[in-house]
């Protein structure tokens, strides 16, 4: 019979250690579970608090946008819509910021960013939304220059592969995320030839059809990439040039500072590598060609109108418009921008010329316009950049070799060749034109006023007749470019020119942006777009 040996002290020690380890593991597991439960409770509490603040901030946005239905709430408010309002136990403050200037919104603000801060204790949540302010002026307005379209043609549009059409990325109103409109004035899809390789995402094309009524119909049209209009767009001709002046110099060399009108019977040029400035209200009438030569820089510091009866060539040079200035080039011949820059005075003088969309806003496209009369040609080539507008309803327009327009283009035949771009400036759309069925353009939901189609040109005579027929008034702040003052027979022509510099009374009847009675349409285009929430602070 085998006898069992008693356990040795060594084995008993191992057993005790094993037991202690098991107890320790069990204790650690218990503590871990308890800590996990406490962390989950804390996380749940944080999530609940964050959700409460988000809900309060979102409700504050709804309240703020409802208040903005009456822009008078901004009068004297310095942008503060409300402060200290409690929503669900969360203290809420709402501010309205002018989207174009970054300053506190005022009654005259066109578009706003609403910033709502919901705070409780040491935590806060910020919600943001952007939108256009409603137009509550009792007089309606009619914008007759078709500036709500990025590209509009009276005959044919061709967009080649790798060409781009979209909003100007650095434009303040690009935050509104509104669709970019393009197409033919008659709404025919047959006038459009858009390559499958072209980048037109976010763009909608003009189509013949009834206005979209209500949000559902507007969303359906948007999904189809269509901008329905019930009637063909009437495109007035550009202003006519004045009759040739009796007294003129043989030719004109533009160098240094020029502060008065000049008339030449021959050519005018800005010599190579020269620096010239047009200051004040200046009109140049050039019977021959205008040539801004290689390396030259022409600065417009005021309101300038340049009438060119011959051809306009801007070659490897720049024409820049200072803040507060405006430039209207009326070209009766062909216009060529070859490796050139034309537009607002650049904040970054080293800014490159390209079609990549990287150009700084610098005040936008509003102040620079090229008007072309007749069946001429406008060519932007070799990485040329225009920050401005082209208004040439009878001309052929070509953008080639990495060139770009930051603004808008209107022509008879427009071709966006491979690798070029048009970046639309949303500030050009005042929502008073053809796409707003409540604007002064429309007599009914299907027909424009007869007076609209009677406007033959964007000049003082036609527009004054429109004003008289519609019993409208010209907006004093309008910038329809002093080109309407060309005819020397127009009374107070110099006053019209000076109206570009802010005169409230000068130039009545000269503007393409006219007043009369309106309200915002129920077409699904109103309201604010949410920008979401900032991170918890």
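A simple spin-label model places the labels of residue 454 and residue 323 4.3 nm from each other, with each point 7 Å out along Cα-to-Cβ. Fully extending the segment from residue 250 to residue 216 would add 5.9 nm, taking 0.36 nm per residue of separation and subtracting the current Cα-Cα distance. Given their separation in residues at 0.36 nm each and the Cα-Cα distance between them, residue 293 and residue 272 gain 7.1 nm when the chain is fully extended. Across the stretch 74-96, the residues whose backbone nitrogen lies under 14 Å from the label position 7 Å along the beta-carbon direction of residue 534 are 93-96. In terms of packing, defined here as the mean over residues of other Cβ atoms within 10 angstrom, the peptides 355-365, 74-84, 395-405 line up highest first as 395-405, 355-365, 74-84.
Available extension along the chain between residue 161 and residue 110 is 14.8 nm, counting 0.36 nm per residue and deducting the alpha carbon span. From least to most packed, judged by other beta carbons within 10 angstrom and beginning with the fewest, 213, 128 follow the order 213, 128. Each label point was placed 7 Å from the Cα along the Cα-to-Cβ direction; for residue 223 and residue 199 their separation is 2.7 nm.
Suppose R0 equals 35 Å; then what is the FRET efficiency for residue 69 and residue 348 from their Cβ-Cβ distance, rounded to the nearest 0.05?
0.35
Rounded, prolate or oblate: pick one for the stretch 215-296, where a ≥ b ≥ c are the square roots of the eigenvalues of its C-alpha gyration tensor, a/c under 1.5 means rounded, and failing that, prolate if a/b is larger than b/c, else oblate. In terms of gyration-tensor shape, prolate.
Coordinate-derived values only; no laboratory data. This one's a predicted model, so the numbers in the text were calculated from it and none came from an experiment. Backbone-built Cβ (ideal geometry, glycine too); neighbour counts: all protein chains shown.
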